[in-house]
Amino acid sequence: MKKTLHDPRTVARSVPGLFEVVFPQLTTGVVVHLNQSRTLLSTLPLSHALVESSSLQNAMLFELGMACAESRLITGSLNWEEAKASALNRQRRYFDAEIPAEIEPQDQLVAEKIAQNVLSTLSEVAHGKTVEIGPAIPGLGWVSPGHGDFAFEQTLIETKCTHKNFSMADYRQVLLYWLLSYAAAIEGRGKEWSGCILLNPRNSTCVTFSYDALLPVVAAGQTKLDVLQAFRALVDSSDQLQ
């Protein structure tokens, strides 16, 4: 098994069969319903023309924008070289990403606009509370530890910079993050996430839900403990994914 397959983010996208067992009622219809509950935030969306004016691939461009936003959250200012290195390192975890040695002025402008939207929408959904960068996601069995995007208090925030709606894989990802946190909380090695915000700073929308409210919808009447036991039986197995 490839090392990246252990990562929670990659597992959520590459192992759908696991979620069919653990969350059997996480269906396309449920995803559509959740997306219809999205909230339009006050920040102006990024225009398609602005995004397309950059020469960078969208994934790299948005990763760079996220790194710029994090730099400003941490230090109050922007260090371009550090942001570029951070963005490239994160992209290389999942993709064969390459970016030019120098960021063109237009690329820098667009990335900074993305960062502004990230910061503005984060502030709005967190209601002024302190935002944590890269909250720890515990591992379990063959699922390795990882990191989320942002969090405040007991609420996880995952960002998706896309012109599309949130996908099935996005909801699998944040459900997996909750399940790993629940296992850690029971074992006394972490905290359980109580809520989640899927945030799209590109179109300035979000979907907000509590895990306790979503679980009865996607888990076919199972309790949290039932779900964890089913999940543990899969990830504690000595059989590795092929």
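To keep it simple, each residue is scored yes or no on (1) in the same structural domain as residue 220 (by TED's automatic domain parsing); (2) surrounded by 16 or more Cβ atoms within 10 Å (Cβ to Cβ); (3) in contact with a His (Cβ under 6 Å, 6 or more places away or on another chain); (4) in contact (Cβ under 8 Å) with a residue 40 or more places away in the chain.
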{"site": "33", "(1), (2), (3), (4)": "yes, no, no, no"}
{"site": "56", "(1), (2), (3), (4)": "no, yes, no, yes"}
{"site": "75", "(1), (2), (3), (4)": "no, no, no, no"}
{"site": "84", "(1), (2), (3), (4)": "no, yes, no, no"}
{"site": "89", "(1), (2), (3), (4)": "no, no, no, no"}
{"site": "104", "(1), (2), (3), (4)": "no, no, no, yes"}
{"site": "108", "(1), (2), (3), (4)": "no, yes, no, no"}
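Could you check the range 46-101 for helices (runs of 4 or more DSSP H) lying wholly inside it with 2 or more residues that are modelled with pLDDT of 85 or more and more than 22 Å from residue 204 (Cα to Cα)?
In the range 46-101, the matching helices (runs of 4 or more DSSP H) lie at 58-75, 80-92.
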Seminar exercise, completed: Filtering the range 135-155 for residues that are in a loop (DSSP other than H, G, I, E, B) and more than 19 Å from residue 115 (Cβ to Cβ) leaves a count of 9
Seminar exercise, completed: Of (1) more than 17 Å from the chain's Cα centre (by Cα); (2) hydrophobic (A, V, I, L, M, F, W, C); (3) outside the structural domain of residue 107 (by TED's automatic domain parsing), residue 12 satisfies every one except (1)
For this session: Considering every residue within the range 35-43, establish whether at least one is in contact with a Phe, Trp or Tyr (Cβ under 7 Å, 6 or more places away or on another chain), assigned by TED's automatic domain parsing to the domain that holds residue 206 and in contact (Cβ under 8 Å) with a residue 40 or more places away in the chain.
Result: yes
For this session: Working only within the range 215-230, note down all residues that are in contact with a helix residue (DSSP H, G or I) (Cβ under 8 Å, 6 or more places away or on another chain) and outside any helix (DSSP H, G or I).
Result: 219, 222
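Can residue 26 be described as assigned to a loop (DSSP other than H, G, I, E, B) and under 19 Å from the mean Cα position of the chain (by Cα)?
Values: assigned to a loop (DSSP other than H, G, I, E, B): yes; under 19 Å from the mean Cα position of the chain (by Cα): yes.
Taking the combined requirement at face value, the residue satisfies it.
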Seminar exercise, completed: Among (1) farther than 17 Å from residue 209 by Cβ; (2) of a type in the set (S, T, N, Q); (3) touching a strand residue (DSSP E or B) at 6+ places or on another chain (Cβ under 7 Å), residue 37 falls short only on (1)
Problem set entry | Residues located in the range 124-157, provided they are modelled with pLDDT of 95 or more and under 17 Å from residue 42 (Cα atoms) | 124, 125, 126
For this session: Consider residue 179 carefully, then state whether it is in contact with a Phe, Trp or Tyr (Cβ under 6 Å, 6 or more places away or on another chain) and either at pLDDT 95 or above or in a helix (DSSP H, G or I) (or both).
Result: yes
Problem set entry | Single match in 136, 83, 67, 59 (criterion: within 26 Å of residue 10 (Cα to Cα) and touching a Lys or Arg at 6+ places or on another chain (Cβ under 8 Å)) | 67
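The values are calculated or read from the model by the stated rules, or taken from the named source; none is laboratory data. Predicted, not measured: the structure shown is a model, and the values here were computed from it. Positions of Cβ are generated from backbone atoms using ideal geometry, with glycine treated the same way; all protein chains shown enter the neighbour counts.
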